[in-house]
Amino acid sequence: MPKIKEEKSTSSVEKITECPECGSRHLAQDYERGELVCEDCGLVIDSQYIDEGPEWQAFDKIQEDNRARTGAPMTEMIHDKGLSTGIDPSDRDSYGRSISSKKRAQVYRLRKWQRRIRVSDASERNLAYALTELDRMASVIGLPKNIRKTGAVVYRKAVEKNLIRGRSINSVVAASLYAACRISNVPRTLDEIAEATSYDRKEIGRTYRFLSRELVLKLKPTKPQEYLTRFCSELKLEGRVKKRAKDIIDEAEEKELISGKGPTGLAAAAIYIASIKGGQRRTQTQVADVAAVTEVTVRNRYKELVEKLEIDVEV
């Protein structure tokens with residue numbers, strides 16, 4: 001009897017990243033038909049796509065929590081990455097019934113010891129404190145979750161290489177958070193980071209340079225263009241004003257006028273010029289407050305840009 005060779009599909013959503021026909025990376029997954037389709041040319045790349053999601057449906061958060069058979073995902077924001085066991089504080093049994101007072105006292109003691117053994121030694125205690133402090137600083141500044149996770153990863157790498165010894169935890173946490181902002185292209189100044197902690201910006205900057213050198217982060221200097229969106233949003237300026245400010249900075253960059261200048265001061269001066277030219281004038285004081293620089297800095301950068309780029313501004 002001849003052997004029948006089973007056809008084995010080697011195609012997978014994780015392996016296929018582009019269309020074999022047109023080379024497009026715009027791929028769509030049709031869960032109803034089990035197909036992987038190219039959005040540009042319409043080619044059906046895979047017709048045996050397996051849905052790896054749950055087989056149950058949930059129509060609200062309560063149903064989703066009750067029917068889920070897995071715990072929370074791993075996270076870098078907890079010292080043990082969320083892998084330790086937690087005892088439910090509801091004081092109910094598996095049937096949802098309230099337990100007796102004697103059992104409740106036993107569960108209370110178990111819960112207390114469980115919290116204690118989660119932090120076994122001084123290094124874990126320091127890591128738990130550092131990650132809590134990092135989350136607090138990020139909340140004060142208003143940074144999203146991805147920045148916090150990146151900052152936690154940077155801090156963990158510093159701990160693994162024993163770079164914390166001889167330095168305060170708070171300064172390393174602040175430097176890690178600033179490095180995370182630079183890595184994720186979310187511009188925040190050292191002054192903004194320093195406001196969320198009790199340390200001076202010079203100390204944070206010194207620690208950041210040390211971490212950057214030892215961890216080989218290879219971060220490029222920030223550009224004035226990166227601050228335009230946030231500054232214009234806080235000043236309630238329209239998109240055309242932001243575009244004009246970007247054009248001014250791009251022209252200044254072509255003429256090599258931004259070298260050695262602070263990016264926030266240049267961004268503030270460009271926005272000040274663009275607001276006047278765009279009919280939405282903002283004062284130097286307003287622009288300086290948003291950019292966290294002095295009025296003198298805005299005035300000096302403004303004069304340099306107007307003179308070097310020959311911009312006609314009506315005062």
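Throughout, read-outs are computed from the coordinates displayed, never taken from laboratory work. What you see is a predicted model; the values in this text were computed from it and never measured. Cβ sites come from the backbone with ideal geometry, for glycine too, and all protein chains shown count toward neighbours.
Between R125 and D200, what FRET efficiency follows from the Cβ-Cβ distance if R0 is 25 Å, with the result rounded to 0.05?
Working: r = 26 Å, r/R0 = 1.05.
The calculated FRET efficiency here is 0.45.
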> Nearest 0.05, what FRET efficiency do E253 and I183 give at R0 = 22 Å with Cβ-Cβ as r?
Replying inline: 0.45
> In nm, to one decimal, how far is the modelled label at W56 from the one at K220, with both set 7 Å along Cα→Cβ?
Replying inline: 4.8 nm
> Between the stretch 206-240 and the stretch 53-116, how many Å separate their Cα centres?
Replying inline: 40 Å
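Over the stretch 132-197, what number does the Rg to Rh ratio reach, with both radii from the alpha-carbon atoms and Rh per Kirkwood? Let's see the in-between values first.
Numbers: Rg = 10.9 Å, Rh = 11.6 Å.
On the Cα set of the stretch 132-197, Rg over Rh gives 0.93.
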> Tell me, in nm to one decimal, what length is gained between K103 and A68 on full extension, where the rule is 0.36 nm per residue of separation less the Cα-Cα distance?
Replying inline: 9.9 nm
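When the chain is fully extended, how far beyond the present Cα-Cα distance does S168 get from D289, taking 0.36 nm per residue of separation?
Working: separation 121, 0.36 × 121 = 43.56 nm, distance 3.04 nm.
Gain on stretching S168 to D289: 40.5 nm.
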> How would you rank M74, M137, going from fewest to most other Cβ atoms within 10 Å of each one's own Cβ?
Replying inline: M74, M137
> When N is the residue count of the chain, what does its C-alpha Rg come to as a fraction of 2.2 N^0.38 Å?
Replying inline: 1.41
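Which whole-number percent gives the relative contact order of the chain, counting Cα pairs below 8 Å spaced six or more residues apart?
This gives 8 percent for the chain.
Using a Förster distance of 25 angstrom, determine the FRET efficiency expected from the C-beta separation of R25 and S47, and round it to 0.05.
Plugging the Cβ-Cβ distance into 1/(1 + (r/R0)^6) gives 0.80.
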>> Give the aspartates and glutamates whose C-alpha is closer than 16 Å to that of K236, dropping any in the same chain fewer than 8 places away, or say none.
In response: D289
